[in-house]
1. Does Cys78 count as closer than 13 Å to Ala116 by Cα, at pLDDT below 95 and in contact with a Pro (Cβ under 6 Å, 6 or more places away or on another chain)?
2. What residue, of Ala107, Ala68, is small (Gly, Ala, Ser), surrounded by 15 or more Cβ atoms within 10 Å (Cβ to Cβ) and at pLDDT 95 or above?
3. Applying the selection to the stretch 1-14, what residues are in a helix (DSSP H, G or I) and surrounded by fewer than 16 Cβ atoms within 10 Å (Cβ to Cβ)?
4. Against the conditions (1) exposed (fewer than 13 other Cβ atoms within 10 Å of the Cβ); (2) touching a residue at least 60 places away in the same chain (Cβ under 8 Å); (3) of a type in the set (Asp, Glu), where does Glu84 fall short? Just the number, please.
5. Please verify whether Ile56 is buried (at least 16 other Cβ atoms within 10 Å of the Cβ), closer than 14 Å to Leu14 by Cα and under 10 Å from the mean Cα position of the chain (by Cα), treating the condition exactly as stated.
6. Name every residue in the stretch 65-98 that is small (Gly, Ala, Ser) and closer than 22 Å to Ala22 by Cα, in order of residue number.
Amino acid sequence: MYAHTIELALPIDLAIEKLKTALTEAKMGVVSEVDVQAIMKAKINHEIPPYRLLGICAPGIAKAVIEADRDAGALLPCGCCVYEISPGNTRIALQDPGSIAKLADNADITAAMTIAQGHLAGVIAKLKA
């Protein structure tokens, strides 16, 4: 498993706002946001439904990862995609921190990703509420 998924009966912008609120409560946040729909249209004149990529991070976890292995910063931030599956219905896929732990194969990074996994479990529970 590389991602935790959840579907919300909300338009994409409201789903992202709900996600950001849940992340803030978990001491995490969105550090980057890419509008893939707009890029596809602008760069290759291809239409797709609303689709966004979010970079999610917690500064303390990022610090632990970078201090454990500076090159492991290439695995940060944790990825997330948010897309409209139908009008008013949105799917969120949050990168599983366990996949980063497996790739890094470093005890300190695994410990940090275990903490991140706990944070994301709280985020997912909040989104389901």
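The values are calculated or read from the model by the stated rules, or taken from the named source; none is laboratory data. Bear in mind the structure is a predicted one, so any value in this text is a computation, not a measurement. In this analysis, Cβ positions are derived from the backbone assuming ideal geometry, glycine residues included, and neighbour counts consider all displayed protein chains.
1. Details: closer than 13 Å to Ala116 by Cα: yes; at pLDDT below 95: yes; in contact with a Pro (Cβ under 6 Å, 6 or more places away or on another chain): no.
Against the criterion (closer than 13 Å to Ala116 by Cα, at pLDDT below 95 and in contact with a Pro (Cβ under 6 Å, 6 or more places away or on another chain)), Cys78 does not qualify.
2. Numbers: Ala107 fails: surrounded by 15 or more Cβ atoms within 10 Å (Cβ to Cβ).
Of the residues listed, the single one that is small (Gly, Ala, Ser), surrounded by 15 or more Cβ atoms within 10 Å (Cβ to Cβ) and at pLDDT 95 or above is Ala68.
3. The first filter runs over the stretch 1-14 and keeps only residues in a helix (DSSP H, G or I), leaving 12-14.
Once the filter is applied, which keeps residues that are in a helix (DSSP H, G or I) and surrounded by fewer than 16 Cβ atoms within 10 Å (Cβ to Cβ), the stretch 1-14 yields Asp13, Leu14.
4. (1)
5. On the way: buried (at least 16 other Cβ atoms within 10 Å of the Cβ): yes; closer than 14 Å to Leu14 by Cα: no; under 10 Å from the mean Cα position of the chain (by Cα): yes.
For Ile56, the condition - buried (at least 16 other Cβ atoms within 10 Å of the Cβ), closer than 14 Å to Leu14 by Cα and under 10 Å from the mean Cα position of the chain (by Cα) - is not met.
6. If we filter the stretch 65-98 for residues that are small (Gly, Ala, Ser), which is where we start, we get 68, 72-74, 79, 86, 88, 93, 98.
Scanning the stretch 65-98 gives Gly79, Gly88, Ala93, Gly98.
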